[in-house]
Amino acid sequence: MLKLVRELAKFERLEHEVEATVESLCCSFFGPQPVACAMLAHCDGKLAGYAIYFFTFSSFVGRQGLWLEDLYVRPAFRRQGLGRAMIEAVARIGAERNCGRFEWTALNWNKNALDFYRKLGAQTMDEWILVRLNSEGLRRVAGQNVES
């Protein structure tokens with residue numbers, strides 16, 4: 001899984017952002033309080049891609065939602081329906097759990113992904129801006145000492 005995460009980061013030109021380890025992923029998926037779920041896609045016995053998702057909450061909808069953190073298909077396996085199959089599988093999980101929303105982000109330069117998502121009926125939320133604190137910023141805002 002970590003190798004695939006690193007492949008996605010390289011594709012997205014975000015390799016410098018990867019902090020995940022095998023241990024952190026195992027804890028996140030299989031620990032005492034799992035915080036995310038993952039599925040792997042195989043094609044002809046070869047690892048072809050993955051999806052990571054987790055549940056959110058919307059005060060406007062008044063119930064849980066579903067967030068697709070990653071959807072990645074290795075280049076050699078693209079255009080075979082694997083991405084769509086994984087998104088459909090995650091959507092089925094959301095539908096079974098009565099989720100009010102299914103959301104994710106895409107890089108603004110990834111035209112192929114944006115076109116694919118629009119064909120699914122997804123809408124871009126152009127009036128929203130993603131806001132983020134990294135772990136250091138989180139600790140700083142929380143009033144905890146941040147080690148340099």
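The values are calculated or read from the model by the stated rules, or taken from the named source; none is laboratory data. These numbers come from a predicted model, not from an experiment. Here the Cβ is made from the backbone with ideal geometry for all residues, glycine too, and neighbour counts use every protein chain on show. Each accessible area value is taken on the protein alone, full model and side chains, heavy atoms only, with ligands, DNA and RNA left out. Shrake-Rupley method; radii C 1.70, N 1.55, O 1.52, S 1.80 Å.
Out of the residues in segment 114-135 meeting the condition of being among the aliphatic types (A, V, I, L, M) and in contact with a strand residue (DSSP E or B) (Cβ under 9 Å, 6 or more places away or on another chain), tell me which one is least open to solvent (accessible area, probe 1.4 Å). Step by step, filter segment 114-135, then rank; the result is ALA122.
In segment 25-51, of all residues being open to solvent by less than 50 Å² (accessible area, probe 1.4 Å) and not in a strand (DSSP E or B), the one that is nearest to ILE87 (Cα to Cα) corresponds to ALA36. LEU4 meets all of the listed conditions (1) more than 26 Å from ILE129 (Cα to Cα); (2) open to solvent by 80 Å² or more (accessible area, probe 1.4 Å) but one, namely (2). Counting residues in segment 92-113 that are surrounded by 11 or more Cβ atoms within 10 Å (Cβ to Cβ), charged (D, E, K, R), in contact (Cβ under 8 Å) with a residue 12 or more places away in the chain and more than 19 Å from LEU8 (Cα to Cα) gives one or more.
Selection of segment 136-148 for residues being of a type outside the set (D, E, K, R) and open to solvent by 60 Å² or more (accessible area, probe 1.4 Å) yields LEU138, VAL141, ALA142, GLY143, GLN144, ASN145, SER148. Tally up the residues in segment 13-24 that are among the β-branched types (Val, Ile, Thr), out of contact with any Lys or Arg (no Cβ under 8 Å at 6 or more places or on another chain) and open to solvent by less than 60 Å² (accessible area, probe 1.4 Å), please. Residues meeting the conditions: 1.
Checking each residue in segment 52-68 for being touching a Lys or Arg at 6+ places or on another chain (Cβ under 7 Å), among the polar types (S, T, N, Q) and open to solvent by 20 Å² or more (accessible area, probe 1.4 Å) picks out only GLN64. The single condition among (1) free of Cβ contacts under 8 Å to residues at least 60 places away in the same chain; (2) within 22 Å of SER135 (Cβ to Cβ) that SER59 does not satisfy is (2). Taken over segment 52-109, the residue count meeting the criterion of being polar (S, T, N, Q), assigned to a strand (DSSP E or B) and out of contact with any strand residue (DSSP E or B) (no Cβ under 7 Å at 6 or more places or on another chain) is 0. Is at least one residue of segment 124-143 under 20 Å from PHE55 (Cα atoms), without any contact (Cβ under 8 Å) to a residue 24 or more places away in the chain, within 17 Å of the chain's Cα centre (by Cα) and part of a helix (DSSP H, G or I)? Taking every residue of segment 124-143 in turn, none turns out to be under 20 Å from PHE55 (Cα atoms), without any contact (Cβ under 8 Å) to a residue 24 or more places away in the chain, within 17 Å of the chain's Cα centre (by Cα) and part of a helix (DSSP H, G or I). Mind checking which residues of segment 37-74 are among the β-branched types (Val, Ile, Thr) and closer than 17 Å to ALA20 by Cα? Residue satisfying the conditions is ILE52 alone.
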